[in-house]
Amino acid sequence: MKKLRVLVLLHPDLMPPNSLRGYTKKESHVWKTEYDVISTLRANGHEVRPLGVQDELNTICKEIEDWSPDIVFNLLEQFHGEAAYDQNVASYLELLRIPYTGCNPRGLILSRGKDLAKKIVHYHQIPVPSFHVFPARRKIMPKSWFEYPMIVKSLSEDASLGIAQASVVDSDKKLVERVEFIHNHIGTAAIAEKYIDGRELYLGILGNDSLRLLPIWELEFGDLERSGSRIATEKVKHDPDYQDRHEILQGPAEDLTSELETRIKRYAKVVYRELELDGYARIDFRLGTDGTPYFLEANPNPEIARIEEFATAAEYSGIEYSELLNRILKLGLERRH
Ligand SMILES: Nc1ncnc2c1ncn2[C@@H]1O[C@H](COP(=O)(O)OP(=O)(O)O)[C@@H](O)[C@H]1O
Ligand SMILES: [Mg+2]
């Protein structure tokens with residue numbers, strides 16, 4: 001691939017050091033994605049400038065004018081501390097007419113709310129867990145159709161923010177308590193969904209027009225299988241010590257019938273198209289004990305650290321990390337046309 005000038009946008013708190021030397025696994029866990037992306041792009045021969053951005057549009061504009069990068073590698077997941085502003089950053093880059101990696105603004109909007117994406121996907125006959133939304137500052141009234149257990153989450157935050165074992169509730173009383181917790185501590189509307197007991201499957205996709213599907217990947221919950229609900233809580237996702245202690249593992253999903261595999265892949269492609277995603281994304285499913293794959297959520301611009309699900313699934317299918325990042329750059333450049 002041609003050598004490019006790449007401007008990497010990231011949160012200033014996640015500006016990685018030049019070397020991993022002297023950092024523990026826990027310390028480097030925080031900025032591992034930024035470290036992996038920047039060091040690998042450099043190793044690929046690109047000229048790379050990281051730019052920390054919190055709430056300044058001018059610095060982005062100035063850097064683009066002064067340096068004229070070929071492309072922006074977009075690792076920003078928030079602006080002004082708001083996750084929901086991610087699409088505005090992508091929109092701003094479009095207004096500046098600079099190519100950028102990852103998903104377009106419309107895909108980011110359609111997949112954000114945990115209710116909207118499910119409504120769109122359900123229209124295309126893909127199973128989704130039944131759900132109800134509890135807006136903030138409104139009386140919390142459980143519905144008569146609720147079937148417990150249910151899981152209560154923030155409607156709009158991701159990265160499992162606010163998700164713990166206590167999120168799975170088995171009565172109206174506990175549901176109300178957890179919805180209040182989301183309203184008061186996370187500060188967003190809450191969604192209560194039917195809890196799908198079963199396996200957790202992820203499908204990574206790369207592409208704008210033609211799509212490359214990565215192998216179906218599974219998050220395995222180790223000894224949590226015995227002691228609690230099998231869910232990806234904040235700790236399961238972000239605490240390496242906890243992951244080691246409970247033997248949380250990820251790897252290729254085994255023992256799926258070819259029929260089921262085909263079905264999940266077909267669903268994932270429909271989701272990708274209907275939510276208007278491009279670049280790269282990870283589509284998450286829960287495989288119920290009855291064998292039904294339920295759509296959980298679409299993650300445009302998913303975590304792409306070397307050790308996380310997307311990159312390990314790519315590696316497993318023969319796309320090495322350095323090649324993966326080059327492909328992501330190419331997809332960003334191609335979208336221009
Ligand atoms: N309806 C559900 N049934 C079973 N588990 C669920 C359900 N919804 C969420 N979970 C669990 O909680 C995790 C986080 O939920 P998700 O909707 O993906 O939110 P986030 O955007 O924070 O990742 C999932 O990966 C899954 O383990
Ligand atoms: Mg998720």
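A short reminder: the numbers here are calculations on the coordinates, not readings from a lab. Values in this document were obtained by computation on a predicted structure and should not be read as measured data. All Cβ positions, even for glycine, are placed from backbone atoms using ideal geometry, and neighbour counts span all protein chains on display.
Comparing Gln54, Gln87, Gln250 in a Gaussian network model of the chain (Cα springs below 10 Å), the most mobile by mean-square fluctuation is Gln54. Which of the residue pairs Lys118/Lys330; Lys153/Lys235; Lys2/Lys62; Lys118/Lys153; Lys118/Lys265 have a Cα-Cα distance greater than 22 Å in the structure shown? Table pairs above 22 Å Cα-Cα are Lys118/Lys330; Lys2/Lys62.
Quick one: which of Lys194/Lys269; Lys32/Lys139; Lys26/Lys174 span more than 31 angstrom between C-alpha atoms? Where the Cα-Cα span goes over 31 Å, the pairs concerned are Lys32/Lys139; Lys26/Lys174.
Rounded to the nearest Hz, the phi-derived 3J(HN,Hα) couplings of the stretch 229-244 under the Karplus curve 6.51 cos²θ - 1.76 cosθ + 1.60 (θ = phi - 60°) are 7, 7, 9, 7, 6, 4, 5, 4, 7, 10, 10, x, 5, 4, 4, 5, where x marks glycine and proline.
Between the Cα long axis of helix 32-43 and the first principal axis of the chain there is an angle of about 30°, rounded to the nearest 10. Computed on the Cα atoms alone, the convex hull of the stretch 81-120 gives a volume of 69 cubic angstrom per residue.
Could you name the aspartates and glutamates whose alpha carbon sits less than 14 Å from that of Lys114, not counting residues in the same chain fewer than 8 places away? Filter leaves Glu157, Asp158, Glu193, Asp284, Glu297.
Counted residue by residue at 0.36 nm each, then reduced by the alpha carbon distance between them, the extension gain from Tyr242 to Tyr148 reaches 31.1 nm.
Return the tail of the calculated pair distribution for the chain, meaning the percent of Cα-Cα pairs more than 37 Å apart. Percentage above 37 Å: 17. Seen against the Cα atoms of the chain and their longest principal axis, helix 258-274 is set at about 60 degrees.
The amide H of Ile71, built 1.01 Å from its N in the peptide plane, has Arg5, Leu7 as neighbours under 5 Å, considering only residues 5 or more places off or on other chains.
Rounding to the nearest 10 and keeping the result within 0 to 90°, find how far the Cα-based axis of helix 172-181 lies from the longest principal axis of the chain. With both axes taken from Cα atoms, the answer is about 20 degrees. Extension gain, Met1 to Glu323: 0.36 nm times the residue separation minus the Cα-Cα distance gives 115.0 nm.
The separation of the stretch 279-294 from the stretch 241-271, counted between C-alpha centres, amounts to 8 Å. All C-alpha to C-alpha distances of the stretch 131-194, sorted into 10 Å bins beginning at zero, yield P(r) values of 25, 62, 13, 0 percent in whole numbers. What the Cβ-Cβ distance of Glu47 and Lys26 gives, at R0 = 41 Å and to the nearest 0.05, is a FRET efficiency of 0.85. With the alpha-carbon atoms of the stretch 5-101 aligned to their principal axes, the span from lowest to highest coordinate is 41, 32, 18 Å, starting with the largest. With the simple model of a label 7 Å out from the Cα in the direction of the Cβ, Met15 to Glu177 spans 4.4 nm.
A Förster distance of 25 Å, applied to the separation of the beta-carbon atoms of Thr59 and Ala84, puts the FRET efficiency at 0.75.
Judged by the mean number of other Cβ atoms found within 10 Å, the most tightly packed of the peptides 170-178, 271-279 leads the ranking 271-279, 170-178.
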